[in-house]
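A.B. asks: Quick one: structure below, then a few questions.
We did not get these values from a lab; they are worked out from the coordinates using the rules stated. Keep in mind it's a predicted model, so treat the numbers as computed, not measured. Methodologically, a virtual Cβ is constructed for each residue, glycine included, from the backbone with ideal geometry; neighbour enumeration extends over all protein chains shown.
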Amino acid sequence: MFTGDKAAGMVGSIAEVFPGAAYRRCTVHFYRNVLARVPKSRRPKVAAMLKAVHAMESREASEAKALEVADELDSMRLREAAKVVRDGYAETLAYTRFPREHWRRIRTNNAIERLNREIRRRTRVVGTFPDGRSALMLVTARLKYVAESEWGSRRYLDVTLPGE
């Protein structure tokens, strides 16, 4: 499963290179897309409604809640936001195919974005690189550090069987 922000190039590449892989849209990016079509005064209420969709115990309950939220957005005269919810909620629920104990960790791509921000920050400090290899060496060194540090030593997904 790949998690992303629905960038067209990425979605197309995943389908081409990994035809059997599932694509899942990051819930945070989905919320941002919906809330961009909502007046500021109504955003807190709509945000709470969206979070309720992903707080459900099952995929079926989440789907039903998403359709209920879309209907409520229509009744609030937020038709564009309702359309975004109807068109995109299913992509955000791909994580429900995995064991429930992993849902919280795979709902978003925040860990990947944090790592990307860290690499971007490090490369901006340097400014320009003499060649591609030196940039690759910096990125590789940072990734190695993260993998060996406490940040990387925390298990992201615990896939051990109970009792092991």
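A.B. asks: Between Arg42 and Arg124, what length comes free when the chain is fully extended (0.36 nm per residue of separation minus the Cα-Cα distance, one decimal in nm)?
C.D. replies: 25.8 nm
A.B. asks: Measure nothing but the geometry: give the 0 to 90° angle between the long axis through the Cα atoms of 59-75 and the longest principal axis through the Cα atoms of the chain, rounded to 10°.
C.D. replies: Tilt relative to the chain: about 60 degrees.
A.B. asks: Using only the alpha carbons of the stretch 110-153, determine the length spanned along each of the three principal axes and report them from longest to shortest in whole angstroms.
C.D. replies: Its Cα atoms span 32, 18, 13 Å along the three principal axes.
A.B. asks: Still on this structure, please answer the following. Could you work out how far apart the two model spin labels at Ala22 and Arg114 are, taking each label as a point 7 Å from the Cα in the direction of the beta carbon, and quote it in nm?
C.D. replies: 2.3 nm
A.B. asks: Where is the GNM fluctuation largest for the chain (alpha-carbon springs, 10 angstrom cutoff): Asp131, Asp74, Asp87?
C.D. replies: Asp131
A.B. asks: Report, in listed order, any pair from Lys40/Lys65; Lys6/Lys45; Lys45/Lys144; Lys40/Lys144 with a Cα-Cα distance greater than 32 Å.
C.D. replies: Lys45/Lys144; Lys40/Lys144
A.B. asks: With an 8 Å Cα cut-off and a minimum separation of 6 or more residues, compute the relative contact order for the chain in percent.
C.D. replies: 20 percent
A.B. asks: Could I ask something else about it? Just grab the label-to-label distance for Phe2 and Arg142, each label 7 Å out from Cα along the Cβ direction, in nm (one decimal).
C.D. replies: 2.2 nm
A.B. asks: Can I ask one more? Could you list the GluC sites (Glu not before Pro) in the stretch 1-81 that lie in coil according to DSSP, counting only those with at most 10 other Cβ atoms within 10 Å of their Cβ?
C.D. replies: Glu57
A.B. asks: Given the chain reduced to its alpha-carbon atoms as identical point scatterers, what log10 I(q)/I(0) does the Debye formula return at q = 0.17 Å⁻¹?
C.D. replies: -1.11
A.B. asks: Follow-up. GNM, the chain, Cα, under 10 Å: largest mean-square fluctuation among Met76, Met137, Met56?
C.D. replies: Judging by the Gaussian network model, the answer is Met137.
A.B. asks: OK, next. Given the options Arg59, Arg42, Arg105, which has the most mean-square fluctuation in a GNM of the chain, springs set between C-alpha atoms less than 10 angstrom apart?
C.D. replies: For the chain, modelled as a Gaussian network with Cα springs under 10 Å, the answer is Arg42.
A.B. asks: Using +1 on the beta carbon of Lys and Arg, -1 on that of Asp and Glu, and nothing else charged, what's the dipole of the chain about the Cα centre, debye to 20?
C.D. replies: Numbers: 32 positive and 20 negative charges, 158 e Å.
Once rounded to the nearest 20, the dipole reads 760 debye.
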